[in-house]
Amino acid sequence: AQSVTQPDIHITVSEGASLELRCNYSYGATPYLFWYVQSPGQGLQLLLKYFSGDTLVQGIKGFEAEFKRSQSSFNLRKPSVHWSDAAEYFCAVAARGAGSYQLTFGKGTKLSVIP
Amino acid sequence: SQTIHQWPATLVQPVGSPLSLECTVEGTSNPNLYWYRQAAGRGLQLLFYSVGIGQISSEVPQNLSASRPQDRQFILSSKKLLLSDSGFYLCAWSAPLWAGGGNEQFFGPGTRLTVL
């Protein structure tokens, strides 16, 4: 069965600093990987996705993620964090089920931004 | 464009009372539909998914049930709520596999359920 690990429960960074959120996955085949962001009390918004091809993928809001098969990782990065980036971030892997793909999520990393 | 709605946004219910949460999708046909529950510090747990009208797959045994009476409507129900049913319930949709989609899921705004 597939699994996703986000080792950091909570990260605090200063505004303008760089950010890297870690994600490790376990999946037997080529993974489909996603990063979602959730503001308090809101639904999840898709930031970016990796299906195949270029291992560095660009997303919305200036985020990017790099797929490293050898490390089973899909880390999320942003060169300069804005206060509005404070939220919870979820990494997910998609696995083929009966008639649909099913997402398995990590437990999330909460990002706090110091002004 | 596609939109997904959930209601109510918040709900406070006594233990033992029934539950009905509704999710509807606009702007797409034959979507795959999903119900998740999110508890603090535990990520998202897939409860049910549906690939068509009347077709429901359950991922976790519990006192909840789901129904899909129409193509773009997904309902989460319970006959008797438990304290442990409290949480944030999210509905999501994805394009069907036969249409070349199905990897990405798009989430609704969620329903905060508190069982007292």
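The values are calculated or read from the model by the stated rules, or taken from the named source; none is laboratory data. Everything numeric in this text was worked out from a predicted model, so none of it was measured. Every residue, glycine as well, gets a Cβ built from its backbone with ideal geometry; the counts of neighbours run over all protein chains shown. The protein model used for the area step is the full one, side chains on, heavy atoms only, and it has no ligands, DNA or RNA in it. Shrake-Rupley method; radii C 1.70, N 1.55, O 1.52, S 1.80 Å.
Inside segment B:36-83, residues that are open to solvent by 30 Å² or more (accessible area, probe 1.4 Å) and within 14 Å of another protein chain (Cβ to nearest Cβ) make up a count of 15. Of all residue pairs spaced 6 or more apart or on separate chains, those with beta-carbon atoms under 7 Å, a first member in segment A:1-30 that is under 27 Å from A:His82 (Cα atoms) and open to solvent by less than 30 Å² (accessible area, probe 1.4 Å) and a second member that is in a loop (DSSP other than H, G, I, E, B) and basic (Lys, Arg) are A:Gln6/A:Arg22; A:Gln6/A:Lys107. Against the numbered list (1) in contact with a Pro (Cβ under 6 Å, 6 or more places away or on another chain); (2) more than 14 Å from chain B (Cβ to nearest Cβ), A:Val93 comes up short only at (2). Residues in segment A:53-67 that are loosely packed, with under 12 Cβ neighbours inside 10 Å and either closer than 28 Å to B:Gln45 by Cβ or touching a Lys or Arg at 6+ places or on another chain (Cβ under 7 Å) (or both): A:Ile60 alone.
Every test in (1) hydrophobic (A, V, I, L, M, F, W, C); (2) over 19 Å from B:Arg37 (Cβ atoms); (3) within 12 Å of the chain's Cα centre (by Cα) is passed by A:Leu44 save one, and that test is (2).
Regarding segment B:15-34, can at least one residue be identified that is part of a loop (DSSP other than H, G, I, E, B), within 8 Å of another protein chain (Cβ to nearest Cβ) and within 23 Å of A:Gly106 (Cβ to Cβ)? Checked segment B:15-34: no residue is part of a loop (DSSP other than H, G, I, E, B), within 8 Å of another protein chain (Cβ to nearest Cβ) and within 23 Å of A:Gly106 (Cβ to Cβ). Annotation for segment A:40-63: no member residue is in contact with a helix residue (DSSP H, G or I) (Cβ under 7 Å, 6 or more places away or on another chain) and small (Gly, Ala, Ser).
Look at segment A:43-64: where a residue is within 10 Å of another protein chain (Cβ to nearest Cβ) and a partner is open to solvent by 50 Å² or more (accessible area, probe 1.4 Å) and part of a loop (DSSP other than H, G, I, E, B), sitting 6+ places away or on another chain with Cβ atoms under 9 Å, you get A:Gly43/B:Pro109; A:Gln45/A:Ser39; A:Phe51/A:Thr30.
When the residues of segment A:96-115 are narrowed to those that are open to solvent by 30 Å² or more (accessible area, probe 1.4 Å) and either more than 10 Å from chain B (Cβ to nearest Cβ) or of a type in the set (A, V, I, L, M, F, W, C) (or both), which ends up farthest from A:Tyr27 (Cα to Cα)? Only one residue fits best here, namely A:Pro115.
Go through segment A:31-42 and count every residue that is free of Cβ contacts under 8 Å to residues at least 40 places away in the same chain and of a type outside the set (S, T, N, Q). Going through segment A:31-42 one residue at a time, the tally reaches 1.
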